[in-house]
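Heads up, the thing below is written out as structure tokens.
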Amino acid sequence: MLRHRFLWRLRAPVSIDETRRVERWLASARVLLAISAFVAIWMDPGEIRYSPWASGLLGFYLAQGMIIIILLRRRRQPPTRAFRLLVHAADVIWPGVISIFATGQASPFFLFFIFVLAAAAYRWGLWETMSTAGASVILLWVESFIFHLGFLHWFNHFVTHHHLPLLGADVSDFEPKRLFMRSIYLIVMGLLLGALAEQQKQLRAEKSVIARILAGVRVESGMAGTLQRILAELLQMYDASSALIASQEAASNRVYVSEVRWNDGAATDFQWLDSSPADYETYLSRFPADTWFGFFRGGAGKSQMALTGLDREGARIKNMPDGFLEQFKGRHQFKSVAVVSFLFGREWWGRIFLLNAELAGNTEEELRFLQEIVRQVGPAVYNVYLLRRLRQKAGAIERAKFARELHDGAVQSLIAVEMQVDVLRRQAVVKPAVIPDELGRIQSLLREEVLKLRELMQQMKSLDVDSKRLVPFLSDAVERFQRETGVLARFHSEVGLLDMPQQVCREVAHIVQEALVNVRKHSQAERVVVKLAADRGTWKLTIEDDGRGFPFTGTLTDAELETVGRGPIVIRERVHLIDGALIIESTPGRGARLEIRIPQRREAAYG
């Protein structure tokens, strides 16, 4: 397990694309730096004492940078670790070699030292940057030692003998007293750049860990499944043997305790433990720290523990008592324990216990990060809790509505039928002639109630309709309406490829169902036509019948319908949900026409 703070960045894996992008940025910066050095030398060749050796080295460095750019752009595979180390080694050697021609911090080549340190920080982190600074310093001192052995005199004698230009080097800054301060400068710069890079890597790693934990927070998994995923991540992160959650509900003050264990590289299922009256004192009694870590100094047999605790703001608490853990130690065997408190709104609060957890880095920083995990993940878990409660309430409301519809509709009608059948039974001997007509009326009543029950069941059913299934669904709904009611009904679709958001598809399906129900109940129509089309950036849905129509004559928009209090309320509400426009054209005694226009590119308004 990688839990040391300087290895935190290894918890956030670097993607292949990011590695390629980093190398491309560094390659571009390398070429730009070389071109800038050429411009500086062109403006003042005296900086390098007109040395062709320095110009040649700089040209070689520029060519190397161009080749690296070409390789990175042509190769589809990401740069390997060996390739990156080779390029970085060349970047380390280059400043030490070229700096002998123009020494001092004001030389055009001193920036190459900063570049190689920044490149190490950008690629990796603190320790690699410090290693780069150390390698640069060692290289400079090796050059200083070589120059003091007479290498410069020997090289100039060699090139003179072969009729080549002199080296033109300036070794004044390679004197030990000057090189010492230069070395300190490089080490300090490496420390600062590496520390900044390490902090960025650590923040990124912590963000990645929190994002991975948040990914396990899902409504469909429920509270138990969500907590099981979160505890599994914490167990793996801190190499703990088991995790406990002790929570208390504000409404009932009841304490709930659950456990997840880590066995054979995997977390066990979320288990609720048997509760007892002593659970509050064992797990949730008052304690000065919000988050703390404790371990036995000499083994689990000793009662004295070393405790490190933080308050809610993350400040360390001194002289922490360990009396709180007396009952806890009696129920659980452990060598160390990390504890963090949580609060879910005003309904729940509690603590998470990680038994046998290991905090290999700085204990206070690890505890602060544990606090941050709970603060980031807690609201998401609380949302799952609220959504589950809302779903339960919504289900209860739907069941109550269903029961009310059954009681006010089917049950009352069946009672009336039962009473009428009883009357017919008594009149069977006295008035046999009226029985066929009465049976026909009862049969019509039963058929009507069957249709109502089917419509109620359709309304209660959750629709799973998308753009691929909307047209077949509407066609089946219209065909079923005709089969069940005897009303001639037709569906026409003039849309080829339908690209409609799923939320809009569901609302359109509900609108058509509601409109057909209204036609059956109120219009007394003999013919119904449902049409779906696309017109000038909108979807157009029309439902037209030849029935009684609405109690007004003419055409009214949605705003006018709301003003006069006319029109189907349910359909109007569903049209509002999808940001649509409703127009009703009515001719009493000759039928009505509903036209609904829905914008095609307004996805942000849906849902």
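Residue by residue, here is whether (1) out of contact with any helix residue (DSSP H, G or I) (no Cβ under 7 Å at 6 or more places or on another chain); (2) at pLDDT below 85; (3) part of a loop (DSSP other than H, G, I, E, B) holds:
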position: Y256; (1), (2), (3): yes, no, no
position: E259; (1), (2), (3): yes, no, no
position: D269; (1), (2), (3): no, yes, yes
position: D274; (1), (2), (3): yes, yes, yes
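Out of curiosity, is E198 within 26 Å of L140 (Cβ to Cβ), in contact with a Gly (Cβ under 7 Å, 6 or more places away or on another chain) and either in the same structural domain as G56 (by TED's automatic domain parsing) or not charged (D, E, K, R) (or both)?
When the stated conditions are applied, E198 passes them.
When the stretch 555-588 is examined, which residues are found to be free of Cβ contacts under 8 Å to residues at least 12 places away in the same chain and over 20 Å from H510 (Cα atoms)?
Once the filter is applied, which keeps residues that are free of Cβ contacts under 8 Å to residues at least 12 places away in the same chain and over 20 Å from H510 (Cα atoms), the stretch 555-588 yields A559, E560, E562, T563, G565.
Using the structure shown, decide if V575 is in a helix (DSSP H, G or I), hydrophobic (A, V, I, L, M, F, W, C), buried (at least 16 other Cβ atoms within 10 Å of the Cβ) and out of contact with any Phe, Trp or Tyr (no Cβ under 6 Å at 6 or more places or on another chain).
On the way: in a helix (DSSP H, G or I): yes; hydrophobic (A, V, I, L, M, F, W, C): yes; buried (at least 16 other Cβ atoms within 10 Å of the Cβ): yes; out of contact with any Phe, Trp or Tyr (no Cβ under 6 Å at 6 or more places or on another chain): yes.
When the stated conditions are applied, V575 passes them.
Given the criterion assigned to a helix (DSSP H, G or I), more than 30 Å from E259 (Cβ to Cβ), free of Cβ contacts under 8 Å to residues at least 40 places away in the same chain and in contact with a Ser or Thr (Cβ under 7 Å, 6 or more places away or on another chain), identify the matching residue among L140, L193, L152, L179.
Details: L140 fails: free of Cβ contacts under 8 Å to residues at least 40 places away in the same chain; L193 fails: free of Cβ contacts under 8 Å to residues at least 40 places away in the same chain; L152 fails: in contact with a Ser or Thr (Cβ under 7 Å, 6 or more places away or on another chain).
Going through L140, L193, L152, L179 in turn, just one is assigned to a helix (DSSP H, G or I), more than 30 Å from E259 (Cβ to Cβ), free of Cβ contacts under 8 Å to residues at least 40 places away in the same chain and in contact with a Ser or Thr (Cβ under 7 Å, 6 or more places away or on another chain): L179.
Which one of V517, V504 is part of a helix (DSSP H, G or I), touching a Phe, Trp or Tyr at 6+ places or on another chain (Cβ under 8 Å) and assigned by TED's automatic domain parsing to the domain that holds P599? Steps first, answer last, please.
Working: V517 fails: touching a Phe, Trp or Tyr at 6+ places or on another chain (Cβ under 8 Å).
Within the list V517, V504, the selection yields V504.
Quick check on my filter: what residues within the stretch 199-224 are part of a helix (DSSP H, G or I) and free of Cβ contacts under 8 Å to residues at least 60 places away in the same chain?
So in the stretch 199-224, the residues part of a helix (DSSP H, G or I) come out as 199-215, 222-224.
Listed by number, the residues that qualify are Q199, Q200, L203, A211, R212, A215, A224.
So for the stretch 520-529 (the condition being in contact with a Ser or Thr (Cβ under 8 Å, 6 or more places away or on another chain) and part of a helix (DSSP H, G or I)), does at least one residue qualify? Working first, answer last.
First, the residues of the stretch 520-529 that are in contact with a Ser or Thr (Cβ under 8 Å, 6 or more places away or on another chain): 520, 529.
Filter again for part of a helix (DSSP H, G or I), leaving 520.
The answer is yes, given that some residue of the stretch 520-529 is in contact with a Ser or Thr (Cβ under 8 Å, 6 or more places away or on another chain) and part of a helix (DSSP H, G or I).
Out of the stretch 549-583, which residues are at pLDDT 85 or above, under 22 Å from V495 (Cα atoms) and touching a Gly at 6+ places or on another chain (Cβ under 9 Å)?
Correct list: L582 only.
Which condition does A357 not pass, out of (1) assigned to a loop (DSSP other than H, G, I, E, B); (2) without any contact (Cβ under 8 Å) to a residue 40 or more places away in the chain; (3) aliphatic (A, V, I, L, M), if it passes all the others?
(2)
Among the residues of the stretch 225-252 satisfying the criterion of being touching a strand residue (DSSP E or B) at 6+ places or on another chain (Cβ under 8 Å) and part of a helix (DSSP H, G or I), which is farthest from D269 (Cα to Cα)? Break it down into steps so the answer makes sense when it comes.
Within the stretch 225-252, the first condition is being touching a strand residue (DSSP E or B) at 6+ places or on another chain (Cβ under 8 Å), and the residues that meet it are 227-228, 231-232, 234-236, 238, 240-250.
Still in the running and part of a helix (DSSP H, G or I): 227-228, 231-232, 234-236, 238.
Details: L227: 10, Q228: 7, L231: 10, A232: 10, L234: 15, L235: 13, Q236: 15, Y238: 19 Å.
Among residues in the stretch 225-252 that are touching a strand residue (DSSP E or B) at 6+ places or on another chain (Cβ under 8 Å) and part of a helix (DSSP H, G or I), the one farthest from D269 (Cα to Cα) is Y238.
Would you mind finding the one in I146, I184 that is surrounded by fewer than 12 Cβ atoms within 10 Å (Cβ to Cβ), under 23 Å from V116 (Cβ atoms) and assigned by TED's automatic domain parsing to the domain that holds G96? Even if it seems obvious, please write down each step before you answer.
Working: I146 fails: surrounded by fewer than 12 Cβ atoms within 10 Å (Cβ to Cβ).
Step by step, each of I146, I184 is checked, and only I184 is surrounded by fewer than 12 Cβ atoms within 10 Å (Cβ to Cβ), under 23 Å from V116 (Cβ atoms) and assigned by TED's automatic domain parsing to the domain that holds G96.
Give the residue, chosen from A525, A509, A533, that is of a type in the set (G, A, S), within 40 Å of the chain's Cα centre (by Cα) and either outside the structural domain of Q482 (by TED's automatic domain parsing) or crowded, with 17+ Cβ neighbours inside 10 Å (or both).
Values: A525 fails: within 40 Å of the chain's Cα centre (by Cα); A533 fails: either outside the structural domain of Q482 (by TED's automatic domain parsing) or crowded, with 17+ Cβ neighbours inside 10 Å (or both).
Result: A509 is the single residue among A525, A509, A533 that is of a type in the set (G, A, S), within 40 Å of the chain's Cα centre (by Cα) and either outside the structural domain of Q482 (by TED's automatic domain parsing) or crowded, with 17+ Cβ neighbours inside 10 Å (or both).
The values are calculated or read from the model by the stated rules, or taken from the named source; none is laboratory data. Treat the numbers as computed from the prediction; the structure is a model and nothing was measured. Neighbour counts run over all protein chains shown; Cβ positions are idealised from the backbone, glycine included.
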